[in-house]
Each structure stands twice: as C-alpha cells, then as structure tokens.
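Visitor: I'd like to ask some things about the structure below.
The values are calculated or read from the model by the stated rules, or taken from the named source; none is laboratory data. As the structure is a prediction and not an experimental result, all values here were calculated from the model. In this analysis, Cβ positions are derived from the backbone assuming ideal geometry, glycine residues included, and neighbour counts consider all displayed protein chains. Keep in mind that these areas ignore ligands, DNA and RNA; they rest on the heavy atoms of the full protein, side chains included. Shrake-Rupley method; radii C 1.70, N 1.55, O 1.52, S 1.80 Å.
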Amino acid sequence: MGVRPPTLNTEISSTPLALGLYERTTMFSSLTPPRRRLAAAGALAAAVLALAGCSGIQNSPGGDADAADGESVVFTLVTGATAGTPNAAVQDWFLDRVEEVTDGRISFERTATEALCKANEVADCVRDGRAQIGVTVPDYTPQYFPSTSMVSIPFLSQNSQAVMQSIYDLHVEDDAAQAIMDNNNLHHVATWPVGRFLIGSEQPITDPAGLAGTQMRASGPIIQQVLGTAGANIVAITASETYESVERGVVNVIGGAIDFPVNYKIMELLPYWADPGVGQYSTFGMWVSKDAYDALPDDLRESFDSVVEELNTGEGIAAFNESAAGQCSEMLESPTVEDLSGWSESATDEWEKSVGDSGTQKWVELATGQGLEDAEGVLDGYIAGLERYADAEYDDATLDCVASFADR
C-alpha cells in the first residue's frame, strides 16, 4: 500500500501572527524572571519587525540612485498543491519563470505544502500578510472567489485552456471580477481546472441513479448541489483528508480529478472510476496579496504581469498536461484499479437534461450572495470567453486515459 497523504487539520486560525506572539508573550510574562521577560520582549520585537516587511520589498543598500536597479522583492509562498501533481507543476512553472524574467529581483521563499498554512487557510494567509502568494483550491474559502466558481457549473466547460483564459480575461477586463478580488485584498494571478470530473467507487456507477444514498466527497459549490439532487450525501472534507476518510468509511464515493486516484492514492481503496461527462468542475487558484502587488516597482510589476499573461495563455495548461500524462500509466499499472471508463452517451445526456439551467441559476444566486456585482454579466462574459477560445489547442489527459483503459 502506498504512502498515505497527511491528514489535514481543518481548524482555521483567525488570529494574526503578530497578535498571537504578543498574547503568548504577555500571558507568561508575570511568571517569568525579568531577564527572561527582556529576552521575550526582544524576540517579540524581532518578530514584529519581520512582519513589518510583509510586502516583501527589500531595498538595496546603494541609496536612492541605485534604488531602481537594486530594489528586490521576496514573496513567501503558501500552497495546498501536493508536490508531483499537475497543480504543483503549474505553480512551479510560474515561480521559475518570474525569477528568470526578473533576473531574480522577484524571488520566492517556497515553503512546503501546508507547512506554513493549511490548504483551507491559504487565502486568509495571503489576505492578512502572513504570505504574499498563495496556491490552493478556491472552494475551500468560496466566499472570496465568486468570480471564479462558475467552473463548478456542470456540463458547461470541457476545454481547460478555454476555462483558464476566460477567467484570466475576466480579471483583466471586468470591473466586477476585479472589484471582488480587490475587496478581499487579493490580486488574481491564475485559475485553472483541476481536470475532468471522475467518480471513484467500490462498485461500478454508470448513471446518476447509482449516486443515490452514497456518502460522497466532491468540491465545487454547484456540482455539489447537483450531486445532492441525484441523491448523494456530500461530506465536506479537503483533498488531503480524503484517503483516511475513505479508509474509515466516512465516505464511500469520491468525485474528483485524476490526481485523487493517483497522487492521493485513493485507487488503493476504490477500484472503479468513471467519467460521467460533466467536464471541468473545480479549480486551483493562484493569487498575490493586493498590498504586495501594489507595492511592486513599476518595472517589476510589468515583468510580473507579462509572466501572468504567459501562464494564462497556454504555458500553465501545458505544464499541467505534461504532468498529468504520467498519471494514467500509474492507474493502468495499478493492480487495485479494475476500470476507468466513460458513461454511455445516453446516461450523460439524461443527466444533463435533468440538470437543465438550474446550475447557472444556482450559481448566479450564490455569487450574488457572496458579494459579486452583476453576477449575470460576469457569467455572460465567461461563457463568451469559452466560445472565443473553443478552438484553443488542448489535449485532455483524462480522456486519453479513458481510451487507454478501453484498449487495455
């Protein structure tokens, strides 16, 4: 049996780091000798000074004349992307490319996955300045990301490149999409689909009726509602908690991308996997602190933005697919995987017909409630982008894998 991913502590701390240090220092000060109190105060002062540099800007010692050439920026990364996954590949391409294009004047302190902030805390860590750049699943804190959650509408999108580029365009051109990010002290870098929606189970599930009565893990606010309408009981757990949850019987069906059976080792526990034809359903996102972004010198901001454009216009999905291509061979070679197949066209059509327009209606209501102005207009812009980029070159590794299983 493979190595199990670590269990994620889902308790979210809302206490800023500086306040936490202060509380812990003062709490014990009355019980501490004076010399130790002075040492504690010194440590606190050092911590506060460190936090004062949260924007990541470091000036060169050369004075004003050299500031334009010598100013450098160090951004601390917090990430929920597991090493070796396609999502980590997208992240790493971007970080490497920014450092390359800026000759190291923008660099990244790359903390390990969930080392500094748990996956469901990443957005808050970036918002409050504990880190300057974050990568994780937006669905863990959906209240901050109504301008990207439309990917959760089932049957709406199939092409990951079209999805990624459409969401990028929204956050460059649409005032409402920009405003919701600004209001949450975030600057959008990229949002990309995690891959096609797959269903993993102990017994084959070949149509929506097979979901009835299941205990199911899935992310994406609208796809969760659609699955619930089909009779699945949705259990809210993060990706890194999934293995243990299946092992303990908390859930018996998984809805997720191909990294769940492979990188999270769920194929050791669930032998049957199926593509129901939903398409893209959930995303990973990357953001920087708006404060840190606004503090960049003009030339560094221009370089940063140029790499963001590269990432969203093809390089990100290329990095994702290069990594994803290796996942299929692991499934094919696994002795615990019985099958990976697609639902029949009639089963998918029947489910899509039963869902109808309810997914888009639910999303508009949800996004509006989360503070997104003109949610209908944002959705129209997104759909227009999907049509504009419908012919974008894209090779779907999951569909290729389904075909490989058919030939096995």
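Visitor: Quote the FRET efficiency, to the nearest 0.05, computed for E202 versus D294 with a Förster distance R0 of 51 Å and r equal to the Cβ-Cβ distance. Intermediate results must be reported in sequence, preceding the final value.
Guide: On the way: r = 51 Å, r/R0 = 0.99.
Approximately 0.50, to the nearest 0.05.
Visitor: Oh, and also: Per-residue counts of other Cβ atoms within 10 Å, averaged by peptide: what ranking do you get for 209-221, 281-293, highest first?
Guide: Working: 209-221: 20.2, 281-293: 24.2.
Per-residue mean Cβ counts within 10 Å order the peptides as 281-293, 209-221.
Visitor: What ³J(HN,Hα) values, in whole Hz, does the Karplus curve 6.51 cos²θ - 1.76 cosθ + 1.60 give for the range 144-155 when θ = phi - 60°, with x put for Gly and Pro?
Guide: For the range 144-155, the Karplus-derived couplings read 8, 10, x, 7, 10, 6, 5, 4, 6, 6, x, 6 Hz, x marking Gly and Pro.
Visitor: Output wanted: per-residue J couplings in Hz (rounded whole) for the range 99-110, from phi through Karplus 6.51 cos²θ - 1.76 cosθ + 1.60, θ = phi - 60°, x for Gly and Pro.
Guide: Rounded to whole hertz, the list is 5, 5, 5, 9, 6, x, 5, 9, 10, 10, 7, 8.
Visitor: Name the residues whose placed amide hydrogens come within less than 5 Å of the amide hydrogen of A190, ignoring near sequence neighbours (fewer than 5 apart) on the same chain.
Guide: So A190 has HN proximity to M286.
Visitor: Moving on to the next point. In Å², what does the accessible area per residue of the range 111-236 work out to with a 1.4 Å probe?
Guide: Details: 3680 Å² over 126 residues.
Per residue, the range 111-236 has an accessible area of 29 Å².
Visitor: Per residue, how many Å² of accessible area does the range 285-408 show with a 1.4 Å probe? Write down the numbers at each step before the final one.
Guide: Working: 6320 Å² over 124 residues.
Solvent-accessible surface per residue comes out at 51 Å².
Visitor: So what J values fall out for the range 342-355 if you push phi through Karplus, 6.51 cos²θ - 1.76 cosθ + 1.60 with θ = phi - 60°, rounded to Hz, Gly and Pro as x?
Guide: Per-residue couplings from phi come out as x, 4, 5, 4, 5, 5, 5, 4, 5, 5, 4, 5, 5, 6 Hz.
Visitor: Let me ask you something else. Taking the Cα centre of the range 318-384 as origin, work out the dipole magnitude from +1 charges on Lys and Arg Cβ and -1 charges on Asp and Glu Cβ, in debye rounded to 20.
Guide: The calculated dipole for the range 318-384 is roughly 100 debye.
Visitor: For the range 120-279, what is the charge dipole size about the Cα centre, in debye to the nearest 20, if Lys and Arg each add +1 at the Cβ and Asp and Glu each add -1 at the Cβ?
Guide: On the way: 6 positive and 17 negative charges, 55 e Å.
I would put it at about 260 debye.
Visitor: Could you check how much of the accessible area of the range 351-408 is carbon and sulfur, as a whole percent, using a 1.4 Å probe?
Guide: Numbers: 1520 of 3410 Å².
Reported share for carbon and sulfur atoms: 45 percent.
Visitor: Follow-up question, since we're still on this one. Using 1/(1 + (r/R0)^6) with R0 = 41 angstrom and r between the beta carbons of Q361 and D103, what's the FRET efficiency to the nearest 0.05?
Guide: Details: r = 49 Å, r/R0 = 1.21.
Here the calculated transfer efficiency is 0.25.
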